[in-house]
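Novice: Please see the structure below; I have some questions.
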Amino acid sequence: MKDLICVHTKKTLEYITQPLEQLIAPGSTYNYPVIDGIPVLLPNPSLFLAETWYQYSKYVLKQEEAAGKYHNPYQGLAFRKNAADALKKGTLSNMGLIRHAIDGIEKYFSKKQLLNVAVNNKFQDLFQVKAFNYLKRDWCGFPEAEEQLSIIRNSLSAVISEHCHDTQTALVLGAGLGRIAWDISDRFDHLYATDLAFPMASFYNGIAKGKQINFADLNFSQIRDNKHSTNSLTASAAAVGYTETDRAHINDKIAYFLSDATQLPLPDRSVSCILSVYFTDVLPFPQLFPEINRVLKKDGLFIHFGPLGNNFSQVQAMFTAEDIKAYLVKYDYESVYENTAGAWHMKTGEKMHADHYANWVYAARKKEAADPQITAAYLNADSVISLHSNFRFTITGEKSSAGETISHTLYNCYQGKEYKDARQVIDFLFLVNGKRSVRQLAIEYGNQSGDNDSIQSVLTLTQFLVREQILTIVKT
Ligand SMILES: C[S@@+](CC[C@H](N)C(=O)[O-])C[C@H]1O[C@@H](n2cnc3c(N)ncnc32)[C@H](O)[C@@H]1O
């Protein structure tokens, strides 16, 4: 847990075990629970944990209720009834594992406390419980799964060998069940692995401690026969060939924690290599990039592996490979590697359906100038900002004895993108002219009072303009 920082104060966290196991930020009231060995390094851990506990409890109850009814539609169809009964048994045992995972939260907060937190569904997308699929691919030793993992490992290894000159520290984003971090752990002195889904972290922790996880592989839609509706599987590090010595060695190297990839508990410029496997397209790239950029050292490497699935409802959020390259180059990264690696995804022998991906394998190096003042995520009320030296805008209008009438404004930013008639923004930029803190701007912009709401709205606007390289941060 060395070198982890508070996501608010940016101070190095201290580990304490009394009265509860937690990481505390010295000189502040911020503290982060460590639940069953997993540090919860979210900006608001109690909200995250309450929501996790609430959503998963609800999910488990729903699944259990549904399982109770599986056999109903199959009455009279003996074969299907057997399959349905097996699905019921498997569902109940899997839900037992999820219950067990979230039980740890109750060691930290009482049920009463948890129920009192006003949850806001911020993390709703995570509650689809994909952890069982990943347990099956990563820690059961299926030959087809091992083949997929070896394609990932070989692709990453090729890039690391050729381009990663500093192998001190790696960060694996959206690390899921940690198998990829384990498989490349021999390449680095130290690794951080992070994810945002509680069951992922909890199962990872079990595997890392050498436990066997017995679970049911459920095939609701592919009931080829009874056996294939529900398979009893066992996941463990040993099942995929890691010895006890390997396990101890890897545990010494890898620190796994729960965090949001857009707010990482790691110091600026502290990581030699960031790996994003099947993850870059989980978040819109402009949301992910500021933190990648902040924590990566100069000359550090960003490596992507995956198909760019882009399951976003907004087209603007869907970045193509060319967009990502252009984005990185714009922020002064150098593209150093590009390739395609075809691989099945989540295929195992008894599945009747699987996807095949043409994965984009890409690496970019952070150059000197990329160490920017673009850590937009870290803007606060006292940050001082100024206009970016490359920023240009034009205003057209008329000047008469009656004064000025502005008819059009136009400003250009990243990739030549143009914003027309954005008068409010231009007015705001006039205010920034020179160097101003966000707090000063909150008072001056639209004659606001400088209260928390106006600071927040100026912060949001400023973050956008920093990301677009219209403003730069002079001091955070
Ligand atoms: C498609 S899975 C890939 C898992 C892993 N990289 C692999 O290839 O085995 C995406 C992972 O990202 C995690 N995730 C989603 N949003 C995240 C966020 N904001 N920060 C960190 N992890 C996140 C999910 O919980 C999930 O484990």
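The values are calculated or read from the model by the stated rules, or taken from the named source; none is laboratory data. Because the structure is predicted, anything quoted here is derived from the model rather than measured. Every residue, glycine as well, gets a Cβ built from its backbone with ideal geometry; the counts of neighbours run over all protein chains shown. We work out accessible area using only protein heavy atoms, side chains counted, and drop any ligands, DNA or RNA first. Shrake-Rupley method; radii C 1.70, N 1.55, O 1.52, S 1.80 Å.
Novice: Residue check: is PHE305 within 14 Å of the ligand (Cβ to nearest atom) and surrounded by fewer than 18 Cβ atoms within 10 Å (Cβ to Cβ)?
Specialist: On the way: within 14 Å of the ligand (Cβ to nearest atom): yes; surrounded by fewer than 18 Cβ atoms within 10 Å (Cβ to Cβ): no.
Here the answer is no, as PHE305 does not meet what is asked.
Novice: Can you find even one residue in region 157-167 that is within 16 Å of the ligand (Cβ to nearest atom) and either outside any helix (DSSP H, G or I) or modelled with pLDDT under 95 (or both)?
Specialist: Within region 157-167, none of the residues are within 16 Å of the ligand (Cβ to nearest atom) and either outside any helix (DSSP H, G or I) or modelled with pLDDT under 95 (or both).
Novice: Here's another thing I want to ask about it. Could you list, in sequence order, all residues of region 168-183 that are under 24 Å from ASP268 (Cβ atoms) and either open to solvent by less than 10 Å² (accessible area, probe 1.4 Å) or within 15 Å of the ligand (Cβ to nearest atom) (or both)? Step through it out loud before you land on a result.
Specialist: Quick first cut of region 168-183, residues under 24 Å from ASP268 (Cβ atoms) only: 168-175, 181.
Selection gives ALA170, LEU171, VAL172, LEU173, GLY174, ALA175, ALA181.
Novice: For region 196-219, name all the residues that are open to solvent by less than 30 Å² (accessible area, probe 1.4 Å), over 11 Å from ASP36 (Cα atoms) and away from the ligand (no atom under 12 Å from the Cβ).
Specialist: ILE207, ALA208, ILE213, PHE215, ALA216, ASP217, ASN219
Novice: Something else about it: For region 240-254, does any single residue satisfy the condition of being at positive phi and either of a type in the set (S, T, N, Q) or in contact with a strand residue (DSSP E or B) (Cβ under 9 Å, 6 or more places away or on another chain) (or both)?
Specialist: Step one: filter region 240-254 for residues at positive phi, giving 241.
Filter once more, so that each one left must be either of a type in the set (S, T, N, Q) or in contact with a strand residue (DSSP E or B) (Cβ under 9 Å, 6 or more places away or on another chain) (or both): none.
No, region 240-254 has no match at all.
Novice: May I pose another question? Which ones in region 204-230 are modelled with pLDDT of 95 or more and of a type in the set (A, V, I, L, M, F, W, C)? Even if it seems obvious, please write down each step before you answer.
Specialist: Narrowing region 204-230 to residues modelled with pLDDT of 95 or more: 204-215.
Result: ILE207, ALA208, ILE213, PHE215.
Novice: May I pose another question? Could you grab me the full set of residues in region 309-320 that are closer than 26 Å to GLN148 by Cβ and surrounded by fewer than 19 Cβ atoms within 10 Å (Cβ to Cβ)? It would help to see each step written out before you state the result.
Specialist: The first filter runs over region 309-320 and keeps only residues closer than 26 Å to GLN148 by Cβ, leaving 309-312, 318-320.
Residues satisfying the conditions are GLY309, ASN310, ASN311, PHE312, MET318, THR320.
Novice: Answer yes or no: is there a residue in region 231-253 that is open to solvent by 30 Å² or more (accessible area, probe 1.4 Å), farther than 28 Å from TYR357 by Cα and at pLDDT below 95.
Specialist: Checked against the condition, which is being open to solvent by 30 Å² or more (accessible area, probe 1.4 Å), farther than 28 Å from TYR357 by Cα and at pLDDT below 95, region 231-253 yields no hits at all.
Novice: Which residue is modelled with the lowest pLDDT, if the candidates are limited to region 409-465 and must be of a type in the set (Phe, Trp, Tyr), under 15 Å from ILE385 (Cα atoms) and surrounded by 13 or more Cβ atoms within 10 Å (Cβ to Cβ)? Full working, then the answer.
Specialist: Taking region 409-465 as the starting set, the residues that turn out to be of a type in the set (Phe, Trp, Tyr) are 411, 414, 419, 428, 430, 445, 464.
Next, from what is left, pick out any that are under 15 Å from ILE385 (Cα atoms): 428, 430, 445, 464.
With surrounded by 13 or more Cβ atoms within 10 Å (Cβ to Cβ) added as a condition, the list becomes 428, 445, 464.
Values: PHE428: 82, TYR445: 75, PHE464: 81.
Among those that are of a type in the set (Phe, Trp, Tyr), under 15 Å from ILE385 (Cα atoms) and surrounded by 13 or more Cβ atoms within 10 Å (Cβ to Cβ), it is TYR445.
Novice: Being in a loop (DSSP other than H, G, I, E, B), touching a strand residue (DSSP E or B) at 6+ places or on another chain (Cβ under 7 Å) and of a type outside the set (Ser, Thr, Tyr) narrows it down to one of LEU49, LEU42, so name that one. Explain how you work it out, then say what you get.
Specialist: Details: LEU49 fails: in a loop (DSSP other than H, G, I, E, B).
The unique qualifying residue is LEU42.
Novice: Let me ask you something else. For region 321-338, which residues satisfy the criterion of being open to solvent by less than 70 Å² (accessible area, probe 1.4 Å) and on the phi < 0 side of the Ramachandran plot? Please lay out each step first, then the result.
Specialist: First, pick out the residues of region 321-338 that are open to solvent by less than 70 Å² (accessible area, probe 1.4 Å): 321, 323-328, 331-333, 335-337.
Those that are open to solvent by less than 70 Å² (accessible area, probe 1.4 Å) and on the phi < 0 side of the Ramachandran plot: ALA321, ASP323, ILE324, LYS325, ALA326, TYR327, LEU328, TYR331, TYR333, SER335, VAL336, TYR337.
Novice: Can I ask one more? I'd like the full set of residues that are within 12 Å of the ligand (Cβ to nearest atom) and open to solvent by 20 Å² or more (accessible area, probe 1.4 Å), limited to region 133-150.
Specialist: Result: ASN133, TYR134.
This table checks each residue for (1) touching a Pro at 6+ places or on another chain (Cβ under 8 Å); (2) in contact (Cβ under 8 Å) with a residue 60 or more places away in the chain; (3) in a helix (DSSP H, G or I); (4) buried (at least 16 other Cβ atoms within 10 Å of the Cβ).
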site	(1), (2), (3), (4)
LEU20	yes, yes, no, no
LYS58	no, no, yes, no
LYS62	no, no, yes, no
ALA67	no, no, yes, yes
LYS88	no, no, yes, yes
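Novice: Now for a separate question. Residues LYS107, LYS136: which one is among the basic types (Lys, Arg), modelled with pLDDT under 90 and under 23 Å from LEU258 (Cα atoms)? Working first, answer last.
Specialist: Details: LYS136 fails: modelled with pLDDT under 90.
Exactly one residue qualifies, and that residue is LYS107.
Novice: Select, from ARG269, ARG294, the only residue that is open to solvent by less than 20 Å² (accessible area, probe 1.4 Å) and of a type in the set (Lys, Arg). Before you say what the answer is, go through the steps one by one.
Specialist: Working: ARG269 fails: open to solvent by less than 20 Å² (accessible area, probe 1.4 Å).
After ruling out the rest, the residue left standing is ARG294.
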